[in-house]
Amino acid sequence: MTLSDPEMILLLVGISLAAGGFSVVFAAMLSRRDRGPSHVLLRGFDLPRSYVFCDGYLVSDITDTDPLLTDPSDRVAAWGDLRESLGALNPDAPDRLDALRRDGSAFVLIGRIGEDELSLSGRRSQGRCLVTVASLEPGRDRRMIDRAGLDALEDEAELLRQGLDFTRDLLWQEDETGQIIWANRAYFDLVAQAADDSDRLVWPIRKLFADVAASDSGGKEVGAQRVKLDTEGGSGAIWIELASQPHGQGRLFSGRRIDRLVASETSLRDFVQTLSRTFAHLPIGLAIFDKRRELVLFNPALVSLSTLPGDWLSSRPDLYAFLDRLREKQRMPEPKDYQSWRASLGDLEQAARDGTYQEMWTLPDGNTFRVIGRPHADGAVAFLFEDISQEVTLTRKFRGDLDLLQSVMDASDEAICVFSRDGRMVLSNAACGVLWPGLEAMGSVADASRLWQGACDPTPLWGEIRDFVGGYTDRSAWSERVLLHDGRCLACRIAPLKGGASVVSFLEQKKLALPECPDSKAARGRKAPGLVSAR
């Protein structure tokens, strides 16, 4: 057959177009191959493909044309390639692969390429991760999966069932009508404990918490709520903390026994009430602030001492608000500078936390409070407010009486020393310091007697005074004369006082209008060192 020139030209053009189209298709296939496994071909999936990894390294045999791996020869990057390829088939596959590698969680997923479906399964065996990809038989209700993957899933399901039965928490499921359709062993055990013999373990299983509002109109999760369950025979109440959440058309419930927790809370509440009743009779105001510095406990004495309203104290004010109200009520010293006082509250809190805070508050009305801060467990701080106004008044009166007594003694020309039962010198007057320089520094009758002995002529009087003060001799008053080295004659008087104390006094003899000491003229020319005349 002979072709004309136009026909030949058309033939050549057709052949060129066909060759060009084939080139484009071939180039597109090569380009898709170079881009990686984002688009997977179904060719070769009539039989399952298995990939075995050890620590992320591919150890199983594969073909050089594996459609799920970008570079089948790169066994290090094979896990990432497979993860990306299976992610294109099912978006959950990457996370399930990560879980398989991390904790050995087996999985079975369905991957799709167009209208075709693939079975994606994974499991762990002997420390290795096994991933299987296989096609599903079309047109049947039954789907084929890897037998090893199915065994792993069944083992995991059995483990979950045993775990649900092993737990002490109650778990059960109710349908949309409120009927229990599943429960774990702990729920059945509680039914057997709470129900009578005629109502035990009869299906449908008895609802123990029928009065609990299980769901709301929005189908939201219900937070924990406490329920008291009375048992048959009066063996004691059971406390359960319940929670629920929507599950399909029904709800899934969980319950935890909190008998010990409720008993502990009841015991703690009774203990706090006992403390409160005890503190109610204390005259000392008590304020306890927790670690957040909120007032958590106070007694009636604090209300009367602080003049703060009881309802305001019950509102749990913090420490700074409490001190501010005390200042407003003039139940604490008025600070000269309010800003510096506010800044000093931090030091007060720190001192109380360290257990070193103790101050005397002199109030504007003249009363006096002793305030003590003490640390308590868990970062709490306790403040004690004690009204010591009467004590301060008595102390001031006693101090005034002592000052008056000292003034009376200082007005006397007689040198007077008072010793306690144990021989300590507790009191002396100004004349004593003039007659016996340095006697104020003497702490005992032994030291004083040595001073007297050194300034006077020999006499057994000093030993007798020591015995008298110590209570070793008859406690009767007596007087005796002593002669100073400078010639002066002193009349020494010793007398007992109440409480086992003793008084020793000295007075120059001439002031008593008595005859001179026999040897005074001979001794007048000698002057005792360190002595000054009392004239």
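The values are calculated or read from the model by the stated rules, or taken from the named source; none is laboratory data. Here the structure is a predicted model, which is why all the values come from computation and not from measurement. Cβ placement follows ideal geometry from the backbone for every residue including glycine, while neighbour counts extend to all protein chains displayed.
Observations
- Condition met for S85 (among the small types (G, A, S), assigned to a loop (DSSP other than H, G, I, E, B) and either touching a helix residue (DSSP H, G or I) at 6+ places or on another chain (Cβ under 9 Å) or assigned by TED's automatic domain parsing to the domain that holds I110 (or both)): no
- Positions within the range 67-76 being in contact with an Asp or Glu (Cβ under 9 Å, 6 or more places away or on another chain) and crowded, with 16+ Cβ neighbours inside 10 Å, in sequence order: L68, L69, T70, P72
- Answer from D354, D365, D337, D324 - the residue that is more than 24 Å from H281 (Cα to Cα), outside the structural domain of W436 (by TED's automatic domain parsing) and under 26 Å from the mean Cα position of the chain (by Cα): D354
- Restricted to the range 180-234, and to residues there that are within 28 Å of A263 (Cβ to Cβ), outside any strand (DSSP E or B) and polar (S, T, N, Q), the residue that is modelled with the highest pLDDT is N184.
- Residue in the range 393-402 that is surrounded by fewer than 14 Cβ atoms within 10 Å (Cβ to Cβ), under 40 Å from the mean Cα position of the chain (by Cα) and among the acidic types (D, E) present: no
- Answer residue from the range 51-98, given it is in contact with a strand residue (DSSP E or B) (Cβ under 7 Å, 6 or more places away or on another chain) and among the aromatic types (F, W, Y) and is nearest to L118 (Cα to Cα) among those: Y51
- Filter result for V13 (under 27 Å from L118 (Cα atoms) and either at pLDDT below 50 or touching a Lys or Arg at 6+ places or on another chain (Cβ under 8 Å) (or both)): no
- Pair list, Cβ < 8 Å and 6+ apart or interchain, from the range 158-182 residues that are of a type in the set (S, T, N, Q) to residues that are loosely packed, with under 12 Cβ neighbours inside 10 Å: Q179/P204
- Scanning the range 464-478 for residues that are surrounded by fewer than 17 Cβ atoms within 10 Å (Cβ to Cβ) and closer than 17 Å to S449 by Cβ yields E464, D467, G470, G471, Y472, T473, W478.
- In summary, L531 fulfils each of the numbered conditions (1) modelled with pLDDT of 50 or more; (2) closer than 19 Å to R450 by Cα with the single exception of condition (1).
- In the range 424-463, the residue that is nearest to R399 (Cα to Cα) out of those that are in contact with a Gly (Cβ under 6 Å, 6 or more places away or on another chain) and surrounded by fewer than 18 Cβ atoms within 10 Å (Cβ to Cβ) is E440.
- Residue that is farthest from G366 (Cα to Cα), among those in the range 281-334 that are part of a loop (DSSP other than H, G, I, E, B) and touching a residue at least 40 places away in the same chain (Cβ under 8 Å): K291
- Test: residue in the range 335-357 that is under 15 Å from S389 (Cα atoms) and β-branched (V, I, T): no
- Across the range 335-356, the number of residues qualifying as free of Cβ contacts under 8 Å to residues at least 24 places away in the same chain, of a type outside the set (A, V, I, L, M, F, W, C) and not in a loop (DSSP other than H, G, I, E, B) comes to 9.
- Scanning the range 268-294 for residues that are under 20 Å from F369 (Cα atoms) and touching a strand residue (DSSP E or B) at 6+ places or on another chain (Cβ under 8 Å) yields F279, P283, I284, G285, L286, A287, I288, F289.
- Among the candidates L295, L242, L286, residue that is outside the structural domain of A352 (by TED's automatic domain parsing) and of a type in the set (A, V, I, L, M, F, W, C): L242
- Total residues in the range 361-380 satisfying the condition of being loosely packed, with under 12 Cβ neighbours inside 10 Å and aliphatic (A, V, I, L, M): the figure is 1.
- Test: residue in the range 230-249 that is of a type in the set (S, T, N, Q), under 19 Å from V191 (Cβ atoms) and free of Cβ contacts under 8 Å to residues at least 24 places away in the same chain: yes
- One residue stands out in the range 241-278 among those that are charged (D, E, K, R) and not in a strand (DSSP E or B): the one that is modelled with the lowest pLDDT, namely R277.
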